[in-house]
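Shown below is the structure under consideration.
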Amino acid sequence: MVMWDADSDGVVSAEEARARRAMIFDMFDYEGDGVLSPEDYADIDAHIAEDSQKGAAMGAGHGQMAGRMQAGISVAANDADGDGLVSLAEFLDASDAWLAGMDVNGDGRLTAADFGPAGAAAGGRRAGQSVAPN
């Protein structure tokens, strides 16, 4: 959570989530063309597989949390126009949905409880659950 909570107030805001997701996008946009291509996603998949192995070694909860985070960067979660490419705008526009999916306890805030063992044990939010306003 530390990497996401830029102001260290214990809550990941929508703005902080967008900023961190922009960094993630830049990290994987190897060509620097402002688009995540199928080739970029092949590299992302390799990175995710490596992270998944590390998470599995740390325990089931870490793997579940990582799975929720990784699902939020997938082509399916971000390719709004369905062209097989994910632009920075599409990636950032999907930030609110990612934040809602990570908000395990449904309190409308992303806190350590959502990242930690309690959040992992809950297995993430279910599709269709609403998020309370801040």
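The values are calculated or read from the model by the stated rules, or taken from the named source; none is laboratory data. Bear in mind the structure is a predicted one, so any value in this text is a computation, not a measurement. Note: ideal-geometry Cβ built from the backbone for every residue, glycine included; neighbour counts use all protein chains shown.
Which of the residues spanning region 84-134 are in a loop (DSSP other than H, G, I, E, B), touching a Leu at 6+ places or on another chain (Cβ under 8 Å) and modelled with pLDDT of 90 or more?
85
Additional query: Pick out the one residue from 67, 63 that is part of a helix (DSSP H, G or I), modelled with pLDDT under 85, touching a Gly at 6+ places or on another chain (Cβ under 7 Å) and under 18 Å from residue 45 (Cβ atoms).
The unique qualifying residue is 63.
Now for a different question. Looking only at region 35-46, count every residue that is of a type outside the set (Asp, Glu), more than 14 Å from residue 77 (Cβ to Cβ) and surrounded by 14 or more Cβ atoms within 10 Å (Cβ to Cβ) and tell me the total.
Qualifying residue count for the region: 2.
Let me ask something additional. Considering only region 73-83, state which residues are at pLDDT 95 or above and surrounded by fewer than 17 Cβ atoms within 10 Å (Cβ to Cβ).
Across region 73-83, the qualifying residues are 80, 81, 82, 83.
Please go through (1) part of a loop (DSSP other than H, G, I, E, B); (2) modelled with pLDDT of 75 or more for residue 42 and return the number of the only condition it doesn't satisfy.
Among (1) part of a loop (DSSP other than H, G, I, E, B); (2) modelled with pLDDT of 75 or more, residue 42 violates only (1).
Report, ordered by the first and then the second residue, all pairs with beta carbons closer than 6 Å, sequence separation of six or more or different chains, a first member in region 38-54 that is under 18 Å from residue 21 (Cβ atoms), and a second member that is exposed (fewer than 14 other Cβ atoms within 10 Å of the Cβ).
Short answer, once both residue conditions are applied: 40/30.
Moving on. Quick check: is even one residue across region 24-33 of a type in the set (D, E, K, R), within 17 Å of residue 1 (Cα to Cα), in a loop (DSSP other than H, G, I, E, B) and modelled with pLDDT of 85 or more?
no
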